[in-house]
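To start, the structure itself, in structure tokens.
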There are 2 protein chains.
Amino acid sequence: MRAVEFTGDVVFRDDYADPRPARGEVVVEVIRAGVCRTDLEIVRGYMNFRGVLGHEFVGRVAAGPARWRGKRVVAEINCVCGRCGMCRSGLRNHCRERTVLGIHGRDGVFADKVAVPIGNLHEVPDGLSDDEAVMVEPLAAAFQLVRQVRFERGQKVVVLGDGTLGQLIARVVHRICPSLVLVGKHSEKLELAEKVHIQTAEVGDFVPRQDADVVVDATGAASGLALACRAVRPRGTIVLKSTYAGGEPVDLSSLVINEVTLIGSRCGPFADALNALARHEVDVTNLVSRHMSVENAIEALELAARSDVVKVILDMACGR
Amino acid sequence: MRAVEFTGDVVFRDDYADPRPARGEVVVEVIRAGVCRTDLEIVRGYMNFRGVLGHEFVGRVAAGPARWRGKRVVAEINCVCGRCGMCRSGLRNHCRERTVLGIHGRDGVFADKVAVPIGNLHEVPDGLSDDEAVMVEPLAAAFQLVRQVRFERGQKVVVLGDGTLGQLIARVVHRICPSLVLVGKHSEKLELAEKVHIQTAEVGDFVPRQDADVVVDATGAASGLALACRAVRPRGTIVLKSTYAGGEPVDLSSLVINEVTLIGSRCGPFADALNALARHEVDVTNLVSRHMSVENAIEALELAARSDVVKVILDMACGR
């Protein structure tokens, strides 16, 4: 099958072995897959991953139990043991033995097919487009914030970063905190948020005043946390959403002096994201910058790294 | 009067001008003062402070209203405006206009006398020794943890750092979580904790396993936070207690991946500390390494920086 493998270099292959599902897994034929900043970080060395890249996708179950065969699905990316202390305490996403699609110890979705545990599947309602479904994984990550932080109307919320994750977080939290401001570097991207009635500011015009109740760092850069420290109020909350390989030292003494709470936030509830999309509560459609074929994956990764681009989607039907 | 001034260098002076109390302030004659790691950080450039050093002390009110004259007192270190948004919302320690004794914009306590706002005073019960009273400020900082984190019996708690603050935090939290482990570099200091029945481990023998519910970083070094990240469990809590000038870059991606909550913690409730000492609930007496006279302040600061020393106290009565 076709697959985009990371071997230390990104390699497109048309002879990659088909996935062999383990017990309790199905094979999903990938329809579309999204390029995420994490994929770019992996190519820079993050997680020391080797294998097929990609974790955001929508597909159709090709082989597996009758309940699932032929269904259009999305899938959670953490593949868990179900037995360790974390799994037993309800923190399955933190399974000690987990593998993660296209990130850690398991092939990802930039391929014709992928093997996924049945327990990870979510059926996609008919009303959702393939592009919306591809957004479920990052949108779920945005919804995780609402589970971790108690947002209240009237709170001053700042989201740093105008990439996909920042855009999705702004869309989710804006429903609760309408005065939310999305701060970014790229006017083209900020306009996408303005089109869904979110206030924005270019980072050069944004003056941090240590007065925000909640600041979300979705910049994917150490400079984002440094800015968050200057924007958050004493006893306020910073949500750290982005992972990155390496980075500048950040002076964290302001966290101590101002008794700030910093919350790390990763994957989130797929059901919340699917429900919000099905009810048209969150609009994600204008975030898709371009569709490309999997044969052009290297170009797609380069494109996704460009500052004026939000979401690049690999359309697996192209050339199939 | 005698005073230890930081001008960029530490200078002992015997001709420093007496403090002139502002409206609402009293003059306190300092009895004893403690050397804190923050004083050492200030000498290295932290906070860009200039003036009389020192913020931990016990004294006697020399001039002020009859209610307070002659009383033995300790004093909170944040001197607040009472009018800003922080003060009005009950976060007086985070006053936007605050000065801080010996740390920011206001002379400290390594002097014969110091001016302090009346609202900052706490009378010291007769049963407490001067050395215990000197410990109230750092002990209050330790009690702040109990206000910020909900500790429960049975939780696995690790305190990193065997200096005064780590020792005090261990003593406070150990009452709730008896399996607490204090991790440090110095066997002499760890023995002080063992004498009050606290489990300890030398850092070389401590294997972080991402299984602690709460890890407190009181090391005063960036390496402490890095170790805390490896010791805390997924969805666990790190309390960041130490401030330092500069430092190594810390890879914070594990905070995101493991969805850790990091809480900055600074000054705490004096009343809680005074009550605990009065009821003999927390034993601090074995933490005093040496008494010295204020004339020898430079030597005292050097001594306080030594790895085998915990608390150095300036006895202001010496040579008065």
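The values are calculated or read from the model by the stated rules, or taken from the named source; none is laboratory data. In this text, all values refer to a predicted model and were calculated from it rather than measured experimentally. So basically every Cβ, Gly included, is an ideal-geometry build from the backbone, and we count neighbours across all protein chains shown. Remember, those area values only see protein heavy atoms, side chains included, never the ligands or the DNA or RNA. Shrake-Rupley method; radii C 1.70, N 1.55, O 1.52, S 1.80 Å.
Test of understanding: in a Gaussian network model of chain B with alpha carbons linked when under 10 Å, which of B:ARG44, B:ARG150, B:ARG175 would top the mean-square fluctuation ranking?
It is B:ARG150.
How big is the B/A interface in buried accessible area, both sides summed, 1.4 Å probe, to the nearest 100 Å²?
Working: alone 14280 and 14300 Å², together 25580 Å².
Buried surface at the B/A interface: approximately 3000 Å².
To the nearest µm²/s, what D does Stokes-Einstein give for chain A at 25 °C and 0.890 mPa s, using the Kirkwood radius over alpha carbon pairs as Rh?
123 µm²/s
Quick one: how many Å² of A:GLU302 are accessible to a 1.4 Å probe, rounded to 10?
120 Å²
Using the C-alpha gyration tensor of segment B:56-127, what are the square roots of 5 times its eigenvalues, in whole angstrom, with the largest one first? Please report the intermediate quantities before stating the final value.
On the way: eigenvalues 104, 41, 22 Å².
Result for segment B:56-127: semi-axes of 23, 14, 10 Å.
Just the number please: accessible area per residue for the protein assembly as shown, 1.4 Å probe, all protein chains included, in Å².
That works out to 40 Å² per residue.
Only helical DSSP H runs with n ≥ 4 go in: add -39500 (n - 2.57) per run for chain B, normalise by residue count and round the 222 nm mean residue ellipticity to 500 deg cm²/dmol.
-6500 deg cm²/dmol
State the answer as a single residue: which of A:PRO117, A:LEU301, A:ALA278 lies farthest towards the positive end of the charge dipole of chain A, with beta carbon charges of +1 for Lys and Arg and -1 for Asp and Glu, about the Cα centre.
Value computed over the given set: A:PRO117.
For the protein assembly as shown, what % of the accessible area comes from carbon and sulfur atoms, probe 1.4 Å?
In the protein assembly as shown, the share of accessible area belonging to carbon and sulfur is 45 percent.
Could you let me know the centre-to-centre spacing of segment A:96-136 and segment B:1-79, using Cα atoms, in angstrom?
62 Å
Can you list the residues in segment B:260-279 whose accessible area drops by at least 40 Å² when all protein chains are present, compared with the chain alone? Use a 1.4 Å probe, heavy atoms only.
Those are B:LEU262, B:GLY264, B:ARG266, which lose 40 Å² or more relative to the chain on its own.
Given Cα pairs under 8 Å that are at least 6 residues apart, what percent is the relative contact order of chain B?
Over chain B, the number comes to 19 percent.
What do the square roots of 5 times the Cα gyration tensor eigenvalues come to for the protein assembly as shown, in whole Å, largest first, as semi-axes of the equivalent ellipsoid?
54, 25, 20
Hey, got a sec? Which trypsin sites (Lys or Arg not before Pro) in segment A:187-273 land in a DSSP loop and have at most 16 other Cβ atoms within 10 Å? Show your work: numbers first, answer last.
Details: sites: A:LYS189, A:LYS195, A:ARG209, A:ARG230, A:ARG235, A:LYS241, A:ARG266; in loops: A:LYS195, A:ARG209, A:LYS241, A:ARG266.
Passing sites in segment A:187-273 are A:LYS195, A:ARG209.
Per residue and in Å³, how big is the convex hull formed by the alpha-carbon atoms of segment B:139-264?
Working: hull volume 12.2 nm³, N = 126.
So the per-residue Cα hull volume is 97 Å³.
What does the copy distance list look like for B:ARG13, label position 7 Å along Cα→Cβ, in nm and ordered from shortest?
Spelled out, the distances from B:ARG13's label point are 7.4 nm.
For chain A, modelled as a GNM with alpha-carbon contacts under 10 angstrom, which of A:THR285, A:THR38, A:THR243 fluctuates the most?
The residue that fluctuates most here is A:THR285.
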